[in-house]
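The block underneath contains the structure these notes are about, expressed in structure tokens.
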Amino acid sequence: MAITMTMGIQKGGCGKSTTTGILAYLLKENGYRVLAIDMDSQGNLTELLSEQPSNEFMGKSILEAIQENDAKKYIVPVTENLDLLPANNFLATLPRWIYTGKTYQGEAVPFKGNPSMILDKLLDQVREEYDFIVLDTPPSLSEQTTNALVASDYVVVMYECSNWCYSAIPNFMDSVNGAKELGNRNTQVIGILRTMNDVRRSDAKAFNEIIAEDYPDLVFATVITRKAPVGRLALYGFTDNAELKQALDQYKNFYEELIQRVQSQ
Ligand SMILES: Nc1ncnc2c1ncn2[C@@H]1O[C@H](COP(=O)(O)OP(=O)(O)OP(=O)(O)O)[C@@H](O)[C@H]1O
Ligand SMILES: [Mg+2]
């Protein structure tokens, strides 16, 4: 039965998509069967893993999987042991469909059920086929985010060491608690990952330390720093990337910590 994990924070540009992609890659490299799900209409995880524009997946995405209640039809194989449920711009119309029954193509496909539990129910169709399901979420609270949280056993909170990210943390913790109460998976924060840390800035250093004081049991010891090869993953991807080793280097420590925490639960 797959363990389901969401990377999230209600703040933009904190490394959610990058981390989800790298985590999916490292899990499959370690022999796990992985399904990566893009719940963000920006389609960044989709582009990172598929190395194609997210518009290529118009009509063939997680949105249609949800609307037709058919996950398997829309799963895209990426490489051995790694599959993707892609997203594109139209995922932004998910709430409209939930509340009006209208799809982006103007068809009426009425939605019945609990708006926050759609994804969790959909994933029942595929849980047996994977060891891990990892989900990327958008930067704001939405049905896309709520569904990912409710469908998840664990949440990794992405913390880019800055003031606005710091102030986003309590709201996001509330969202995770809400998902735990709403859903059936006992959704819990497995850790806070400090990302994109700019080692030259004293304010980043301060916010890095404050979060460790606030949540000593939750922060991962690994701190991901800003490094060009990590940023350029968005450009070069995983398959033909001469600096892949440098891009993955610091994330391997995070991976070890995360697996250890999951296994000791
Ligand atoms: N450790 C890093 N060092 C340098 N650049 C990074 C690092 N992590 C991510 N980036 C770059 O920073 C930008 C934001 O990262 P990413 O898209 O993963 O964040 P996000 O939280 O998913 O953003 P959004 O909220 O828009 O979905 C991207 O251009 C990415 O390539
Ligand atoms: Mg993103």
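The values are calculated or read from the model by the stated rules, or taken from the named source; none is laboratory data. Because the structure is predicted, anything quoted here is derived from the model rather than measured. Cβ sites come from the backbone with ideal geometry, for glycine too, and all protein chains shown count toward neighbours. When the accessible area is computed, the model is the full protein with side chains, heavy atoms only, and any ligands, DNA or RNA have been set aside. Shrake-Rupley method; radii C 1.70, N 1.55, O 1.52, S 1.80 Å.
In this entry, Val223 passes the filter for residues that are in contact with a Lys or Arg (Cβ under 6 Å, 6 or more places away or on another chain), under 30 Å from Thr79 (Cβ atoms) and modelled with pLDDT of 95 or more.
So which residues in region 1-32 are of a type in the set (Gly, Ala, Ser), crowded, with 21+ Cβ neighbours inside 10 Å and either more than 9 Å from ligand 1 (Cβ to nearest atom) or within 19 Å of Lys180 (Cβ to Cβ) (or both)? Scanning region 1-32 gives Gly8, Ala24. Within region 33-43, the residues that satisfy the criterion of being crowded, with 22+ Cβ neighbours inside 10 Å and more than 12 Å from ligand 1 (Cβ to nearest atom) are Val34, Leu35, Ala36, Ile37.
Taken across region 101-116, residues that are under 24 Å from Tyr154 (Cα atoms), within 13 Å of ligand 2 (Cβ to nearest atom) and either modelled with pLDDT of 95 or more or of a type in the set (S, T, N, Q) (or both) do not occur at all.
Among residues of region 185-212 that are without any contact (Cβ under 8 Å) to a residue 24 or more places away in the chain, none has a Cβ under 7 angstrom from a residue that is within 16 Å of ligand 2 (Cβ to nearest atom) at a sequence gap of 6+ or on a separate chain.
The condition (being open to solvent by 40 Å² or more (accessible area, probe 1.4 Å), within 16 Å of ligand 1 (Cβ to nearest atom), under 18 Å from Asp38 (Cα atoms) and not basic (Lys, Arg)) is satisfied by just one residue among Leu149, Leu141: Leu141. Among the conditions (1) within 16 Å of ligand 2 (Cβ to nearest atom); (2) in contact with a helix residue (DSSP H, G or I) (Cβ under 7 Å, 6 or more places away or on another chain); (3) open to solvent by 60 Å² or more (accessible area, probe 1.4 Å), the only one that Val155 does not satisfy is (3). If you go through region 173-210 and pick out every residue that is among the hydrophobic types (A, V, I, L, M, F, W, C), touching a strand residue (DSSP E or B) at 6+ places or on another chain (Cβ under 6 Å) and crowded, with 16+ Cβ neighbours inside 10 Å, you end up with 7. You will find that of Leu182, Leu235, the residue that is more than 16 Å from ligand 2 (Cβ to nearest atom), over 18 Å from Phe254 (Cβ atoms) and not polar (S, T, N, Q) is Leu182 and no other.
Every condition in (1) over 27 Å from Lys72 (Cα atoms); (2) within 14 Å of ligand 1 (Cβ to nearest atom) is met by Tyr166 except one, and the failing one is (2). Within region 106-138, restricting attention to residues that are hydrophobic (A, V, I, L, M, F, W, C) and free of Cβ contacts under 8 Å to residues at least 60 places away in the same chain, the residue that is most open to solvent (accessible area, probe 1.4 Å) is Ala108. Note on region 237-265: residues that are crowded, with 16+ Cβ neighbours inside 10 Å, without any contact (Cβ under 8 Å) to a residue 24 or more places away in the chain and within 12 Å of ligand 1 (Cβ to nearest atom) total 0. Asn147 falls short on exactly one of the conditions (1) in contact (Cβ under 8 Å) with a residue 24 or more places away in the chain; (2) over 26 Å from Glu29 (Cβ atoms); (3) out of contact with any Leu (no Cβ under 7 Å at 6 or more places or on another chain), and that condition is (3).
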